[in-house]
Amino acid sequence: MNKAMNNPAPQSARALPDVAASDRAAIQSTLDWVGMSEIALPFIVQDEQQGAIHCQGRAQAYVNIARPDIKGIHMSRLYLLLEQWSEAEAVTPESIRSFLDQKLGTHTDISDSATISLRFDYLSRRPALKSAYSGWKAYPAEIEARLLEGRVEIELKLSIPYSSTCPCSASLSRQLLAQALQDDFADTASISKEAISQWLLSERGSVATPHSQRSWAYLRIRLADDFTAEGFPISRLIDQVETALKTPVQTAVKREDEQEFARLNGANLMFCEDAARRVRVALLDQPGISDFWLKVEHQESLHAHNAVAIATRGLEQGYTAQLTY
């Protein structure tokens, strides 16, 4: 018997077929993006204020196919480069630019564009409103960068929860409260402050309450080309938006915190239009941002649908016509 048949060459010594490289595409056409999505990955995101933040999330990595005859890309190269990058250094605007250059370098004969997306929860420890407690809050986030025609464009997405109380509902509730006070003291010529105070503290004092709901501000932030900070402005943007809205969703809550939360909601009655305007004004003065798009969504407790308002910086070539996040 042939010895070669008894002792085949080891796998590493044989030339393995590479159909993606050797075969031509049956239907010849360029493709906008080819790659992988939902890649599980631990990585470190550098925040400009909080420093290194350890994250776990999902990545997408793509290049284009610029030559119509090319059958496929080298996906393993993208994956291995992504693994190496996430282990070796933190995710910063500069490291993303470098990574996209390297990724394109692995496909110089095929591609002239590259993109990377990292989706994760940004965990931030937030203090209670009054008590000494604090707790962790998750802000869904995504960093997306594209290398097109030699220029890198970096976009940051953030989802920020808050509470909103309807001004119309508050007005209608006050009317019912006033009517209940008139009815209960209809036979009384004069009412003392003490009597009114006791009435307000009774169950009759809440004969009607306005509706409020958990709401969301969704941001798309395009970093300026000359953005040189060592980290992303994640915590800064969260602080600015929550300060503008004044009713952030809470974590650890004692009774004094819940009472303060009720006070803040009463002092900041908001339609979705009001909330969108507050957020837009807060973003206009933020440095390092070339453009932004925002959507506020009040997930109604009155209706079976949501109330939505969208705003942008208003640039002619910006996000103006965009409806989706």
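The values are calculated or read from the model by the stated rules, or taken from the named source; none is laboratory data. No experiment lies behind these values; they were computed from the predicted model shown. Cβ coordinates were reconstructed from backbone atoms using ideal geometry, including for glycine residues, and neighbour counts include every protein chain displayed.
One table, with the values for the structure above:
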| item | result |
| --- | --- |
| Single residue of the stretch 164-189 satisfying the filter (of a type in the set (S, T, N, Q) and modelled with pLDDT of 90 or more) that is nearest to the chain's Cα centre (by Cα) | S164 |
| When residues of the stretch 302-321 are limited to those that are β-branched (V, I, T) and modelled with pLDDT of 80 or more, the one surrounded by the fewest Cβ atoms within 10 Å (Cβ to Cβ) | V308 |
| Residues satisfying the stated conditions in the stretch 201-249, i.e. modelled with pLDDT under 95, of a type in the set (A, V, I, L, M) and part of a strand (DSSP E or B) | none |
| Index of the failed condition, F43 passing every other in (1) modelled with pLDDT under 90; (2) part of a strand (DSSP E or B) | (1) |
| The lone exception for M270 - which of (1) among the hydrophobic types (A, V, I, L, M, F, W, C); (2) surrounded by fewer than 19 Cβ atoms within 10 Å (Cβ to Cβ); (3) part of a loop (DSSP other than H, G, I, E, B) it fails | (2) |
| Selected residue [under 18 Å from Q102 (Cβ atoms), touching a residue at least 12 places away in the same chain (Cβ under 8 Å) and either of a type outside the set (F, W, Y) or in contact with a Pro (Cβ under 7 Å, 6 or more places away or on another chain) (or both)] from A52, A61 | A61 |
| Test: residue in the stretch 154-163 that is part of a loop (DSSP other than H, G, I, E, B) and either under 30 Å from G266 (Cα atoms) or modelled with pLDDT under 95 (or both) | no |
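Residue by residue, here is whether (1) surrounded by 13 or more Cβ atoms within 10 Å (Cβ to Cβ); (2) in contact with a helix residue (DSSP H, G or I) (Cβ under 7 Å, 6 or more places away or on another chain) holds:
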position: P161; (1), (2): yes, no
position: T165; (1), (2): yes, yes
position: L172; (1), (2): yes, no
position: A180; (1), (2): yes, yes
position: S192; (1), (2): no, no
position: A195; (1), (2): yes, no
position: W199; (1), (2): yes, yes
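Yes/no matrix, rows are residues, columns are (1) among the β-branched types (V, I, T); (2) closer than 29 Å to D226 by Cβ; (3) without any contact (Cβ under 8 Å) to a residue 24 or more places away in the chain; (4) in contact with a helix residue (DSSP H, G or I) (Cβ under 6 Å, 6 or more places away or on another chain):
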residue: C272; (1), (2), (3), (4): no, no, no, no
residue: S290; (1), (2), (3), (4): no, yes, no, no
residue: W293; (1), (2), (3), (4): no, yes, no, no
residue: Q299; (1), (2), (3), (4): no, no, no, no
residue: L302; (1), (2), (3), (4): no, no, no, no
residue: I310; (1), (2), (3), (4): yes, yes, no, no
